[in-house]
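Notes for the one structure printed next.
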Amino acid sequence: MRTETGSATGWGVESSLIERIRTHIAAHWGADVRIVGRAPGHSHDGWIMTCADRPGQRFLVRTEPRDGPFLTYDAIREAELLGGLARLGLPVPHVLMVGGPEICGVRFLVLDWIDGVVHTPHSAACLGGAERIAYATEFVQTLTRLHRLPWTDLLDRGQDPSVSGLLRQFGRTLDQLVVVSSVVLDYVRVWLQQAAVAHSGEVALVHGDFRLGNLVWRDARIVGILDWETARVGDPLFDLAWSCMGATSGESPVMGLVSRDEFVALYARAAGRDVAVRDLIFWQVAAAWVRGCTEARLLDLSVTPDRPETDARDLSWEFGLYRTEHELLSLIDQYEQGR
Amino acid sequence: MHAVEPGDLLRIVVRILETQVLPATEEAARATLLLSVGILDNLSGRVEERRDLVTAREQRDRALVESVPERIRAGVDGAGVPVNRALSRYLRQLAEHPTLLTEPDVSAWLERCRQALLRQSAEEIALMRPTRYLHSQRSRS
């Protein structure tokens, strides 16, 4: 079962908000709706609910956060995307309801809960050797399946799929930091601009956060792909590089499953294309930079004075950001040495 | 009066939290407390070194700001702000004017930035090795 935390009481400052949503859903469905837990995850606030009319089923209510890792959220866009993906046969949560801010002040989604296991790199590393390869194979096959979808049917055609578009989007995050600053992230933005000329590749639907924590498994089969709020149009190698987070050499483990070299070879076979190491490193820099921007934002929010509450998880980015900066500079060093 | 080193004091606080507070903490607050203890634990071994790192970082930023090419400096008001903010402003100026990236003096300055940042990052990360708390937290993500 997927992890749950929290209890049926004690929702703290959000209690009135989630209670209003619960009441709204109950009235809409004409049945008793109960809150049974707090949903895991960091980019959204989420609650798990049950409904008396639908025994055995659970639902996830996700609200747009006031101050999340991303500058903007669009629950309606995500709901439309999820609907399109479901029609194309991709294993995604079904959207049961979309709520507007008139109900509780923020937009929210009600999604069906997909039962299964969400692995971590630690739990994946504990699998047997053959199992780990089976998981990695399923991972890359699902990813390439996603990348082959007709994105023009799913997302706004007006999006800028280029590296510049990505830099503009997350550069705004850097520009809006109040307390925290990172010369490394500012430097890497310029480096990416310089190096991007050599890496204008394919255009596809990109998930944007494709990793173990956003996949629901039953044995070695993916039955749910979660968290589509960062989906966009771009180069599919971004998703591959994002999956290789922290893997700065060919021997480094990817998500506890296989080495980076093995992982990229599996992807290349599934995608029917070669992946040059230089391209991979470029996109690893891009992915780590995006991650660094969100880490810096979370840290910034947590240390900005006069905020009502501080999340200890966000404070830990004080260390995470150093790690990301080092990863970025190490990858760039490899890239430059290969010139 | 004998002054306790800040790092030693933090280690004592961590021990008290671990042995006295954590065992008595209910599940709901335990994860948050574990992370808070992890942050203190991570700091305890490098409080003094951290001060040196901040000084080294300022020196690095100052050297890079002093060597910024005139064509970048001309478009930015870097006066009256901390040196790291001034350096960020110059880099952001470049991000907004990518045509400057092909100028030889700009390329040379960026290469100097890269080398300096890499050197300092290696020194910093040696002191930022995750503790058992952060390591276990990361394995869950």
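Taken over segment A:81-102, the criterion of being assigned to a helix (DSSP H, G or I) and surrounded by 16 or more Cβ atoms within 10 Å (Cβ to Cβ) is satisfied by A:LEU81, A:LEU82, A:GLY84, A:LEU85. Scanning segment A:252-277 for residues that are modelled with pLDDT under 95 and charged (D, E, K, R) yields a count of 2.
For segment A:299-316: of the residues being assigned to a helix (DSSP H, G or I) and at pLDDT 75 or above, which is nearest to B:ALA29 (Cα to Cα)? Spell out the reasoning first.
The first filter runs over segment A:299-316 and keeps only residues assigned to a helix (DSSP H, G or I), leaving A:299-303, A:312-315.
When the remaining residues are screened for being at pLDDT 75 or above, the result is A:299-303.
Details: A:LEU299: 21, A:ASP300: 23, A:LEU301: 21, A:SER302: 18, A:VAL303: 20 Å.
Only one residue tops the list, namely A:SER302.
Among the residues of segment A:187-234, the ones that are in a loop (DSSP other than H, G, I, E, B) and closer than 19 Å to A:GLU327 by Cβ come to 5 in all.
Quick grid of which residues meet (1) surrounded by fewer than 18 Cβ atoms within 10 Å (Cβ to Cβ); (2) within 13 Å of chain B (Cβ to nearest Cβ); (3) of a type outside the set (A, V, I, L, M, F, W, C):
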{"position": "A:VAL190", "(1), (2), (3)": "no, yes, no"}
{"position": "A:VAL206", "(1), (2), (3)": "no, no, no"}
{"position": "A:LEU212", "(1), (2), (3)": "no, yes, no"}
{"position": "A:TRP217", "(1), (2), (3)": "no, no, no"}
{"position": "A:VAL223", "(1), (2), (3)": "yes, no, no"}
{"position": "A:ALA231", "(1), (2), (3)": "no, no, no"}
{"position": "A:LEU237", "(1), (2), (3)": "no, no, no"}
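Selection of first residues in segment B:78-97 that are more than 7 Å from chain A (Cβ to nearest Cβ) and of second residues that are hydrophobic (A, V, I, L, M, F, W, C) and outside any helix (DSSP H, G or I), restricted to Cβ pairs under 6 Å at least 6 apart or on distinct chains, gives the following pairs, ordered by first then second residue: B:ARG89/B:VAL76; B:TYR90/B:VAL68; B:TYR90/B:VAL76; B:GLN93/B:VAL76. If you go through segment A:37-72 and keep only what is among the basic types (Lys, Arg), assigned to a loop (DSSP other than H, G, I, E, B) and within 25 Å of A:ASP300 (Cβ to Cβ), you end up with just A:ARG66. Highlighted here are the helices (runs of 4 or more DSSP H) found entirely within segment A:118-183 that include at least 3 residues which are more than 18 Å from the chain's Cα centre (by Cα) and closer than 30 Å to B:GLU58 by Cα: A:163-175.
Scanning segment B:108-121 for residues that are facing another protein chain (nearest Cβ under 7 Å) and either over 9 Å from A:LEU329 (Cβ atoms) or surrounded by fewer than 14 Cβ atoms within 10 Å (Cβ to Cβ) (or both) turns up B:LEU110, B:CYS113. Checking the stated criteria, B:ALA24 turns out not to satisfy the condition of being surrounded by fewer than 15 Cβ atoms within 10 Å (Cβ to Cβ) and touching a residue at least 24 places away in the same chain (Cβ under 8 Å). A Cβ distance below 7 Å, combined with a sequence gap of six or more or placement on separate chains, defines the contacts here; from segment A:188-202, residues that are touching a residue at least 60 places away in the same chain (Cβ under 8 Å) and closer than 15 Å to B:PRO98 by Cα reach residues that are among the small types (Gly, Ala, Ser) and buried (at least 17 other Cβ atoms within 10 Å of the Cβ) in the pairs A:ARG189/A:GLY171; A:ARG189/B:ALA95; A:LEU192/A:ALA286. For segment A:256-287, a residue qualifies if it is part of a loop (DSSP other than H, G, I, E, B) and surrounded by 24 or more Cβ atoms within 10 Å (Cβ to Cβ), and exactly one does: A:LEU257. Looking only at residues of segment B:27-62 that are more than 12 Å from chain A (Cβ to nearest Cβ) and hydrophobic (A, V, I, L, M, F, W, C), we find that the one that is surrounded by the fewest Cβ atoms within 10 Å (Cβ to Cβ) is B:VAL54.
The values are calculated or read from the model by the stated rules, or taken from the named source; none is laboratory data. Not measured: the values here are computed from a predicted model. No Cβ is skipped: glycine too gets one built from the backbone with ideal geometry, and neighbour counts run over all protein chains shown.
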